[in-house]
Amino acid sequence: MNVQLTVTFIILAITIVLFMTNRVRGDLVALLALLAFVILGVLTPAEALAGFSNSVVIMIAALFVVGAGILRTGLASMAGNLLLKWSGDNELRLFVLLLIIVATVGAFMSNTGTVALMLPIVVSVAMSINVSPSKFLMPLSYIASMSGLMTLIASPPNLIVSQILVDNGYEKLGFFTITPVGIIATVTVIVYLVLVRNKLLPNEKNRSQSDAGYKLSPKKIVKQYDLKDKLFCIVVPETSPIIGQPLAELKLPAKYQICIMKIQRRASEGINLLPMTYQELAGPTSIIHVNDALYVQGMIDDVERFATDFDLKIDLNDTYEAHELISKKIGVAEVLLTPQSRLIGETVSKIGFREKYNLNIIGINRKGDYLLQNMAHQKLRFGDAILVQGSWDEIELLSRETYDVVVVGQPREHAGVAAATGKAPIAGAIMVLMVGLMVFEVFDAVISVLIGAVLMIITGCLRNMDDAYNKMNFESIVLVAAMLPMATALEKTGGMVILSDAIIRTLGDFGPYGVLIGVYLLTVVFGQFVSNTATAVLFAPIAMTAAITMDANPHTFMIAVAAAAGMAFATPIASPTNSLVLTAGGYKFMDFVKVGVPLQIIMFIVMMIAVPLLFPF
C-alpha cells in the first residue's frame, strides 16, 4: 500500500470519527479534511476546490433560494394546509401521505431538488400541528433517495449505469426499466419509517426548528395596541387649504394628537392609461397634493376636528384595515429602550425621532398600558416599548442601533414576507416551470434550478439579492462542496480498485450471487461518505467487469449498483439530501446511524432478493 493511499484512509477515518463525535461543526470537519488532502500532497489545490464549482453544489445553493420563495409567498403554507385537509387530524395518515407525495415528485426530478422543494412545506406542516420537524425531515430525505429508483431520470446513478451498459455494447435502461425495483424499495422504506417513527426518530424541538421568534402580524398589533377604530383614510379635495403645505408646518401631533402614517397618491408622470397609485411614508417634508389619500391614526374626535378645520373628507368607504400597516415598502416594528438610552426622560417631540430615524412613533407600550394619545408630550421611560412605522429600509437601519434602542424581532424577515404577500401563484408557476424544464431535460438540471432561483428574485417572491443570500444554508453548501473531493482522493490513490479486486478474489468462488453481494455492500459502504454520483461512477465499471468476467447478466449488476448508490441512510454526509435536512432538523451524526443502519440491513435483504428475481443472472 503506497503512502498516499495510507494517508487517504487515515484522513477518511479521522473525518468519520469527528463527524460521529459531533464536537466540531460538520462544515469545519469537511474543510479540515480538504486541507489535509492538499497539505499532505494527495490532491492538488485545483482538485480539492473542484467541489465548490460542482454543479450539485451550485444547484443546492439555488434550491435554497427557490425554497425560500415558496416559503415566503405562503405557497408552502397553502400546500401544507391542503395536506392537512386531506389527512384530517390523523398524524399517521399525514406522515404516509407526505412520503407518497415526495416519492411521486422525486420520480421525475433529482432527490436533492425534491427535498429542497418539499422542505419548507414539511416544516410548515410540522409547525402547524405542533410537532417537531425532526420527525419528518429525515424520512423526507430517505424517501427522496428511494424515489431515485422510480424512473431513469430520477437519479444520476441510473443514467451512469445505463451509459456504462451502452458503452459495453448492451441495451440501455428504459425510462421505467428500474421502476419495479423502485416501487419495492419505496414501499419498504415507508413501512419501516411508519414502524419506527415514534421510537427511533428524534422528536425534540431545538433552536434550528423553532419558529417561536417574534412574529409581527397586523392582527397582533391591532389587538395589542387597540388600534381598531383608530385608523382612518382622509381624502384631500381641491378646496382644502392644506394643499401645498409640508407636514412639519401643520404640527398635527401637537395640535390634534393624530399621526399621518402614509400618503397614497396617483402617479402624475407619463401617460396613465390605468389609474396608477403609489404610497410614500409621511414625513416632516411631505407636501400634501390634491386628491391625496392620507392614512391617519388617532381618536375619531381628533380626526374629525382635523378634517373639519382643513376641509377634508373622511372616506368611510375606504376603511384603513390592519393589513394596511404593512406593505412591500412600509412596515411597523416594536422598539425597546436600553438602560443607558439617551431617550429616557425626554418627550417624544423633543427627541426628534422622525427627523433622526425617518420613522413615526404611533404608540407606546408602558408595562401593558398602551398610550396612543398626546404622545408628543409623553416622556419616555426605561422599559417602554415604542411602536414605530416607516419604510422597511429605515427599520433595518434602526435595528443596527444598539446604544439607545433595540428593535424587537427580525425586520428583514418581516420585510421579505410583506414583499412576497400575494405572490404564491407566481411562486407556484415558477416551481412548475422549473420542474418541467428538469423533467423534459430542456437544460441541465443546474441551469433549470438557477432559472427558478433568478425568477423568484425578479418577480418579487424574494425581496432582493440580499434576501436570497440570507436564505442560503452555507453550512450545508460548504459541507457538500468540501466532501466531494473525497471521491477524487479515493480514486486517485487507487483505494477503490484495491478494495474491489479484493472482493472479487474473495467472493468469486460463490458465483455471480456472491460477487453481487460483495459489490452491493462495497457500494453501500462507500456511498455513506461520498456522493451517490461519485459512487456510481467508481463502482459501475467494476460491477460491469465482474459481470462480464463471470458471464452473468450485466443489467443485474448495474441495477444493483444504482440501488446501492442511493442507499445513503447511515451518515449525514452520505448524500446532499441528508446534508440539507441535517441543520433544518437539528440532527446529530448518531441520529442517522440509529435510524439508518437498521434500514440499510433491511434494504440489503430486500434488494438482494428483488434485483436477481426481477433481472435474473
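Structure notes:
- Here the spin labels are modelled as points 7 Å beyond Cα on the Cα-Cβ line, and at Ala502 and Asn90 they lie 5.0 nm apart.
- Overall dimensions of region 471-617 as given by Cα atoms, namely Rg and Dmax in Å: 16.0, 54
- Entry for region 1-146 at q = 0.11, 0.12, 0.20 Å⁻¹: log10 I(q)/I(0) = -0.59, -0.67, -1.16, Debye formula applied to identical alpha-carbon scatterers, no solvent contribution.
- Inter-centroid distance (Cα atoms) of region 526-564 relative to region 1-77, Å: 24
- Computed [θ] at 222 nm, helices only, for the chain once each DSSP H run of length n ≥ 4 contributes -39500 (n - 2.57): -17500 deg cm²/dmol
- Normalised by the number of residues in the chain, the average gap of Cα pairs under 8 Å and 6 or more apart makes the relative contact order 20 percent.
- Two-site FRET efficiency, Arg342 against Leu40, from Cβ-Cβ distance with R₀ of 56 Å, rounded to 0.05: 0.45
- Kirkwood Rh (inverse of mean 1/r, distinct Cα pairs), the chain, angstrom: 27.6
- Ratio Rg/Rh, restricted to region 456-513 and using Cα atoms, in which Rh is the Kirkwood radius: 1.43
- Potential lengthening between Leu200 and Asp369 on full extension [0.36 nm per residue; Cα-Cα distance subtracted]: 56.0 nm
- Ordering 137-149, 483-495 by mean Cβ neighbour count within 10 Å, with the highest value first, yields 137-149, 483-495.
- Protection proxy ranking of 519-529, 577-587, 235-245, 470-480 - average other beta-carbon atoms within 10 Å, highest first: 577-587, 519-529, 470-480, 235-245
- Taking each of Lys262/Lys313; Lys135/Lys594; Lys255/Lys379; Lys199/Lys594; Lys85/Lys588 in turn, the alpha-carbon distance tops 22 angstrom for Lys85/Lys588.
- A straight chain from Val525 to Asn81 at 0.36 nm per residue would run longer than the Cα-Cα distance by 155.9 nm.
Each reported figure results from applying straightforward, stated rules to the coordinates on display, with no laboratory input. Being a predicted model, the structure only gives us computed values, none of them experimental. A quick note on method: Cβ atoms are made from the backbone with ideal geometry, for glycine too, and the neighbour counts reach across all protein chains shown.
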